[in-house]
Amino acid sequence: MLAVVGTLEGKTFVVAGAGAGLGRAIALAAFEEGASLVLGARSGGSLEALAREVDPSGALVSPVVFDITDPGSCRAIAEHAAERFGSLDCLVVPAALDSVMGGISGADWGLWHEVMEVNFFGAMYMTSAALGSFGVRGGSIVYITTQTIYRPPPALLQAAYAASKAALLGAARHLAVELGPRRVRVNTVAPGWMYGPEVEAYATASDEKAGRSPGDALAAIAARMPLATLATCADVADAVVFLSSDKAQAITGQALLVNAGEQVH
C-alpha cells in the first residue's frame, strides 16, 4: 500500500457498495489505515464474507445489507455507523451499475433510468442520509466516477454509465461549495482501465476472439499508458484513502484520475 499508516485512525468509514473488486479493495485499504468500517451491499452472503476477510474479530467492521436506491435504507446504514462506532467520518460510494453498453442508438430507456437511479440518485440518497450523522468535525465524501467522462472509448461505449457519472461529478462540485462550511469535503476519483476480474475477463475474451496469445490484449492496453501498466483496484483504493484522510484536509471539489497517465484533464 502507498498510503501512510494510520491515516484513518479513529475514523468511521462507510463503504456504500462493498462488493468484489473495487469495493473490497477500498474496505481493505481503509481498515489497514485504522478505520472502523461499516460495509453496505445488497448481498448478505458476500458481505459477511468480506467482513470476515477484513476483520475476523468483527470488532471494527459491521456489515449491513442495504439498498442504495432506497432513501430509508441509506438513512439506516448512516445511523447504524454513528450508533455502532460513535461517528460517521468518511463516506465512499463505489456502488455502480455499469453493465449497460452502447450509445443512444437503440437505447433501452428503462435501463438508462435504472443506471441513473443507482449511480447518481443512489449516491445522492446516501449523501443526504450521511449528513445527519457527520459530527461537528465534519467529514469526507468520495464518489467513484470514471475516465470515460473525459475520454469515451469508441469501441466500448457506455453512454448511460458515463452520463450518470458525469452527473455525479457535477453534483460533487456543487456539494463541495454547499457543504464546505460544515467542514465536509467532497471529491471524486475516476479510474481508467483498472486491472481486476472484469478487465481480465474482457482481455481474455478479446484474445480468444482474435486468435491472439493470452495476455496480448492486456499488453496492448498497458502500452498506451505513460507508466506502461494498468492501475489496480488497490491503486484506486489508496487514492480514496488519501482523499478521505486528514492528509487531504484542504482538498475539496476535485476530480482525481487514477489511470497510469492515460488521460489528463
From the option list E53, E79, single residue qualifying as in the same structural domain as T127 (by TED's automatic domain parsing), in a helix (DSSP H, G or I) and more than 27 Å from V199 (Cβ to Cβ) is E79
Name the residue, out of A155, A223, A163, that is over 26 Å from R137 (Cβ atoms) and not assigned by TED's automatic domain parsing to the domain that holds L111. A223
Can you find a residue in segment 64-81 that is farther than 26 Å from T146 by Cβ and in contact (Cβ under 8 Å) with a residue 60 or more places away in the chain? yes
Only one of V184, V189 that is within 21 Å of A18 (Cα to Cα) and surrounded by 13 or more Cβ atoms within 10 Å (Cβ to Cβ): V189
Of the residues that make up segment 198-206, is at least one in a loop (DSSP other than H, G, I, E, B) and surrounded by 14 or more Cβ atoms within 10 Å (Cβ to Cβ)? no
For segment 30-42, check the following and say yes or no: at least one residue is touching an Asp or Glu at 6+ places or on another chain (Cβ under 8 Å) and assigned to a helix (DSSP H, G or I). yes
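The values are calculated or read from the model by the stated rules, or taken from the named source; none is laboratory data. Since the model is a prediction, treat every value here as computed from it, not as a measurement. Note that we place each Cβ from the backbone using ideal geometry, even for glycine, and neighbour counts take in every protein chain shown.
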